[in-house]
1. If each DSSP helix of 4+ residues adds -39,500 (n - 2.57) and the sum is divided by the residues in the chain, what number results at 222 nm, nearest 500 deg cm²/dmol?
2. Tell me the label-point distance for the pair N203, E158, using the 7 Å Cα-to-Cβ offset, in nm and rounded to one decimal.
3. To check my understanding: the extent here is largest minus smallest coordinate of the Cα atoms along each principal axis. What are those three numbers for the stretch 30-118, in Å, largest first?
4. For the pairs K30/K146; K119/K261; K168/K194; K126/K190; K89/K255; K168/K255, note any where the Cα-Cα span goes beyond 31 Å.
5. What whole number of Å gives the distance from the Cα centroid of the stretch 34-109 to the Cα centroid of the stretch 192-221?
6. Viscosity 1.002 mPa s, temperature 20 °C: give me the Stokes-Einstein translational D for the chain in µm²/s, with Rh taken as the Kirkwood radius over C-alpha pairs.
7. Which of T75, T84 comes first, and how do the rest follow, when ranked by fewest Cβ neighbours within 10 Å?
8. With a ≥ b ≥ c taken as the square roots of the eigenvalues of the C-alpha gyration tensor of the stretch 150-198, please select rounded if a/c is under 1.5 and otherwise prolate if a/b is larger than b/c or oblate if it is not?
Amino acid sequence: MNIQLICSDIDGTLLNKDRELSIATIEQIKRLSHIPFILISSRMPKAMTHLQDQLGIENLALIAYNGGLVLENETVVDSTEISTSIIDKLHKTILNTELHFSLYHANEWYVPELDYWAKREANNTKVDPEIQAIDVTIANWKKEDKGAHKIMIMGDAEDIDRVVEIIKDQFDSEIIGYRSKDTYLEIAPKSISKKTAIEVLLNSHYPKLALENVVAFGDNYNDIEMLKAVGVGVAVSNAIDEVLAISNTITDTNKNDGVAKFLRDFL
């Protein structure tokens, strides 16, 4: 096992039941400090850097927004965004519904109001959003010539089902929605994934390495392409069935320090 790079998803994979890094996880990652450990998540950078600090890997790159943004010490290595025209069209399709609509760009997170869903996500990620009307955010971003690294839609599962169908019917060539849970839909540019972001990072920072030199950990739909591509794709045992089916091996659950146990036993 010639592993020279470790990549791990965060929620449902690396963090424990309290959504924190356990002592065992911190110890194992620090023990393997000679192997770069890359956090790779649908989270925004600000919701990842405090974890880097705890792990002592703050000088390493991180991959945010399911591969839409690769950063190293706040320097942009790679960035792919959803255009404001698509944001506007998608937002109009959910008007007059109870669905929550969040917009993310780098370390900016905008919500139209601090509702149940915004408060819940803020609690989960330890980041507070800025309150601003979606139309205002879109207008500002048009002037600044930037788009969204991620759109988050949260709400009733049946309403989310309808948004998934709308994306397939109207935006299938441009964006993709990842269902992190029935009530959460994370929308990213279709051209990117965690796998493509790792390839970008290998080309820019580790040109002597290949995907076969990477071990990656994950639990959900947005991890599948990554886990299939790397040398060793490891699923935590609480992963969805589709992830368990394609992984090279399965470790313990996130709540039982699955990532730490794999690192201890195999690296």
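1. -10000 deg cm²/dmol
2. Between N203 and E158, the simple spin-label model gives 4.6 nm.
3. Dimensions of the stretch 30-118 along the principal axes of its Cα atoms: 52, 27, 16 Å.
4. Numbers: K30/K146 37 Å; K119/K261 33 Å; K168/K194 21 Å; K126/K190 27 Å; K89/K255 39 Å; K168/K255 34 Å.
Violating the 31 Å Cα-Cα cut-off are K30/K146; K119/K261; K89/K255; K168/K255.
5. Comparing the Cα centres of the stretch 192-221 and the stretch 34-109, I get a distance of 17 Å.
6. Translational diffusion coefficient: 114 µm²/s.
7. Working: T75 8, T84 21.
In order of increasing Cβ crowding within 10 Å: T75, T84.
8. On the way: a/c = 2.85, a/b = 1.47, b/c = 1.94.
It is oblate, given that a/c is not under 1.5 and a/b is not larger than b/c.
No value in this document is a laboratory result; all are computed from the given coordinates. These figures come from a predicted structure and were not determined experimentally. Neighbour counts are summed over all protein chains in view; Cβ atoms, including those assigned to glycine, are modelled from backbone coordinates with ideal geometry.
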